[in-house]
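Heads up, the thing below is written out as structure tokens.
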Amino acid sequence: MILMHSTWEVAMASSRRSTLAVIEVTRMRPEAPDYQDFSAALVQNAVDRAIGTGWDVVRTPADIGPAALLDAVGGADGVLIMGGEDIAPEHYGVRRGYPNEGIHRPLADEAQLAVIRRAAQTRTPLLGICRGHQLINVAFGGTLITDLGEQHEHRNEDVPIQRVLNPHAVDIAAEPGYLAGLGDRITVESAHHQAVERLGLGLGAIAWAPDGVIEAVAHRELPITGVQWHPEAPRANAEHFDALLLGLQAQLVAPDVVRVA
Ligand SMILES: C=C(O[C@@H]1C=C(C(=O)O)C=C[C@H]1O)C(=O)O
Ligand SMILES: NC(=O)CC[C@H](N)C(=O)O
């Protein structure tokens, strides 16, 4: 059974619907139309589930740059940062030229990092998915494993983009926090080749894959959490994503401080 923060509690605390800024990397990938369609469908699913769990949504691409993005999401009560391309490695002190390096989106990197830093200053609840989770770690000074190698369960290689997501187990160890309603072990859908390495300042790891890859991070004092998997994937358990979105909303009322072992 999935325990969720009650929508009633949230509704009692606020007479208006809260606004969630859903931030995608870009809306223009003319060089990769299949990937753009795939990514846009994941974002649309996230928007739909957010509305279904009681949020108003402002959907914005990040490649409009830092100033425009900060302006666009300035009025939001919560932030959701979606997946996408690898973060340019200079943001965490690594040179370009690592294995399986894809293209980078420098404007989106800078804009999303700026949003995370401002959310930290304003204590705005924020959830990052995949690249969004990696960005959280980098924003707090952490590093990434640039490439997980060839043999792993975190992504299907050499398949059409529509089949890139791969299911695997995740063990969760955090009470309370965004992931509290999910249970101790869940199956998730993943599509990534990088992962959190050294944790950023103030962050703790709260979930792991069986191979040891960090699957979720949470800030110890701020309502900021990242998940490496894709809860918005078509085949993911929708109840898990709803629990995350309601948990994000509950942070508006009573921010949790996450205890990390
Ligand atoms: C674009 C990349 O990853 C992809 C990005 C996704 C997303 O936008 O949510 C989903 C699946 C991944 O294959 C990449 O690895 O460079
Ligand atoms: N799906 C994603 O957001 C992927 C994030 C990053 N490009 C990685 O491969 O690890």
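The values are calculated or read from the model by the stated rules, or taken from the named source; none is laboratory data. It should be emphasised that the depicted structure is a prediction, and the values quoted were computed from it without experimental measurement. When we count neighbours, we look across all protein chains shown, and the Cβ atoms used for this are built from the backbone with ideal geometry, even at glycine.
List of remarks:
- Counting only residues that are under 20 Å from Asp211 (Cα atoms) and within 13 Å of ligand 1 (Cβ to nearest atom), the range 129-144 holds 6 of them.
- Being out of contact with any Pro (no Cβ under 8 Å at 6 or more places or on another chain), surrounded by fewer than 19 Cβ atoms within 10 Å (Cβ to Cβ) and either among the hydroxyl-bearing types (Ser, Thr, Tyr) or not in a strand (DSSP E or B) (or both) is a property that Gly141 has.
- Some residue of the range 64-77 being touching a strand residue (DSSP E or B) at 6+ places or on another chain (Cβ under 7 Å) and within 16 Å of ligand 1 (Cβ to nearest atom): no
- Within the range 153-164, being at pLDDT below 95 and away from ligand 1 (no atom under 11 Å from the Cβ) holds for one residue alone: Asp158.
- Subset of the range 165-198 (residues that are part of a loop (DSSP other than H, G, I, E, B) and buried (at least 19 other Cβ atoms within 10 Å of the Cβ)): Leu165, Ala174, Gly177, Ala191, His192, His193, Gln194
- Leu135 surrounded by fewer than 20 Cβ atoms within 10 Å (Cβ to Cβ), assigned to a helix (DSSP H, G or I) and touching a residue at least 40 places away in the same chain (Cβ under 8 Å): no
- Leu182 vs. criteria more than 24 Å from Leu42 (Cα to Cα), over 15 Å from the mean Cα position of the chain (by Cα) and away from ligand 2 (no atom under 16 Å from the Cβ): no
- Each residue in the range 52-92 was checked for being within 16 Å of ligand 2 (Cβ to nearest atom) and surrounded by fewer than 16 Cβ atoms within 10 Å (Cβ to Cβ), and 1 pass.
- Restricting Ala50, Ala41, Ala11 to residues that are more than 18 Å from Ile136 (Cβ to Cβ) and either modelled with pLDDT under 95 or basic (Lys, Arg) (or both) narrows the list to Ala11.
- Every pair of residues 6+ apart whose Cβ atoms lie under 8 Å, when the first sits in the range 184-209 and is aromatic (Phe, Trp, Tyr) while the second is at pLDDT 95 or above: Trp208/Val170; Trp208/Asp171; Trp208/Ile214; Trp208/Glu215
- Among the residues of the range 199-229, those that are outside any strand (DSSP E or B) and not aliphatic (A, V, I, L, M) comprise Gly200, Gly202, Pro210, Asp211, Gly212, Arg220, Glu221, Pro223, Gln228, Trp229.
- Residue within the range 210-228 that is surrounded by fewer than 23 Cβ atoms within 10 Å (Cβ to Cβ), within 17 Å of Asp86 (Cβ to Cβ) and not aliphatic (A, V, I, L, M) present: no
- In the range 230-239, the residues that are surrounded by fewer than 22 Cβ atoms within 10 Å (Cβ to Cβ) and either assigned to a helix (DSSP H, G or I) or touching a Gly at 6+ places or on another chain (Cβ under 7 Å) (or both): Ala238, Glu239
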